[in-house]
């Protein structure tokens, strides 16, 4: 296998890990970086789907203790309640995603569409942050949401089906609108990513297995490991950041990056 392909896999894996859990849209970044590297086509699309598993495993590893506790004590009322809130938040986007998957892939995965979503999402974050008051937040723990709060976050996650919106951005902003603190909204978004991203990624892979070949094992493995290690570092750093800062910096970054995507593909 050519060294250039390994380098491309490494770079794209790092990009996936850096952007998957930040409110900046991993899709938008992978589109522009993949195009800049010349890594495009059906093989590239399957690769980008596959390396999401690395990012998911990053959040699973980070919260492994809590996940093991949930598995061991799922019958406890508090644990059962938290799992139910995750299920409630998961269902809206999952249901719409299954119904609209083909349409989204065929008509919305366009660089200019993604650019528009990046800019619109950045403006939305600025407006929500202007309204949000951290000291007035009702919920300060990710496992203390009410069922109505979880449903609101789930409705917000539906917007992430539109490429470029950002799943983490949509769920975190939905959490702020529902009355969660920034840290609670961010951590609930991380936990919600586990069932959502596993379901979406495995569903996509099942539909694209024909694009995989034995020769791709090393290429895909490098991307997955790079995404896992990078995502793990980002999760740690992001939680420290949101404990002391707003999301405005990410909003302005989205707007600038969206304009860059627009210029790149115009």
| note | With the first residue restricted to segment 97-121 and required to be assigned to a helix (DSSP H, G or I), and the second required to be surrounded by fewer than 13 Cβ atoms within 10 Å (Cβ to Cβ) and modelled with pLDDT under 90, Cβ contacts under 8 Å at 6 or more apart or on different chains are 112/266
| request: Output the residue which, of all residues in segment 141-150 that are part of a loop (DSSP other than H, G, I, E, B) and more than 21 Å from the chain's Cα centre (by Cα), is nearest to residue 92 (Cα to Cα). | output: 146
| request: Filter segment 209-228 down to residues that are surrounded by fewer than 16 Cβ atoms within 10 Å (Cβ to Cβ) and either in contact with a helix residue (DSSP H, G or I) (Cβ under 8 Å, 6 or more places away or on another chain) or not in a helix (DSSP H, G or I) (or both), then give me how many there are. | output: 3
| said: So residue 105 passes all but one of these: (1) modelled with pLDDT under 95; (2) within 18 Å of the chain's Cα centre (by Cα); (3) surrounded by fewer than 22 Cβ atoms within 10 Å (Cβ to Cβ); (4) over 18 Å from residue 159 (Cβ atoms). Which condition number does it fail? | reply: (4)
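Of these, 199, 148, 206, which one is modelled with pLDDT under 95 and under 24 Å from residue 81 (Cα atoms)?
Values: 148 fails: modelled with pLDDT under 95; 206 fails: under 24 Å from residue 81 (Cα atoms).
Answer to the selection: 199.
Conditions (1) within 13 Å of the chain's Cα centre (by Cα); (2) touching a residue at least 40 places away in the same chain (Cβ under 8 Å), marked per residue:
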residue: 152; (1), (2): no, no
residue: 174; (1), (2): no, no
residue: 200; (1), (2): yes, yes
residue: 216; (1), (2): no, yes
residue: 223; (1), (2): no, yes
residue: 227; (1), (2): yes, yes
residue: 239; (1), (2): no, yes
| query | In segment 122-140, how many residues are under 26 Å from residue 26 (Cα atoms) and assigned to a loop (DSSP other than H, G, I, E, B)? | reply | 1
| query | Is it the case that segment 26-36 has a residue that's at pLDDT below 95, crowded, with 23+ Cβ neighbours inside 10 Å and not in a helix (DSSP H, G or I)? | reply | no
| said: On the basis of being free of Cβ contacts under 8 Å to residues at least 60 places away in the same chain, more than 15 Å from residue 168 (Cβ to Cβ), surrounded by fewer than 20 Cβ atoms within 10 Å (Cβ to Cβ) and over 21 Å from the mean Cα position of the chain (by Cα), does residue 44 make the cut? | reply: no
| request: Return yes or no: is residue 59 buried (at least 21 other Cβ atoms within 10 Å of the Cβ), out of contact with any strand residue (DSSP E or B) (no Cβ under 9 Å at 6 or more places or on another chain) and not in a helix (DSSP H, G or I)? | output: no
| message | Within segment 110-119, does at least one residue satisfy the condition of being at pLDDT 95 or above, touching a helix residue (DSSP H, G or I) at 6+ places or on another chain (Cβ under 6 Å) and on the phi < 0 side of the Ramachandran plot? | response | yes
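The values are calculated or read from the model by the stated rules, or taken from the named source; none is laboratory data. In this text, all values refer to a predicted model and were calculated from it rather than measured experimentally. As a convention, Cβ positions derive from the backbone with ideal geometry for all residues, glycine included, and neighbour counts pool all protein chains shown.
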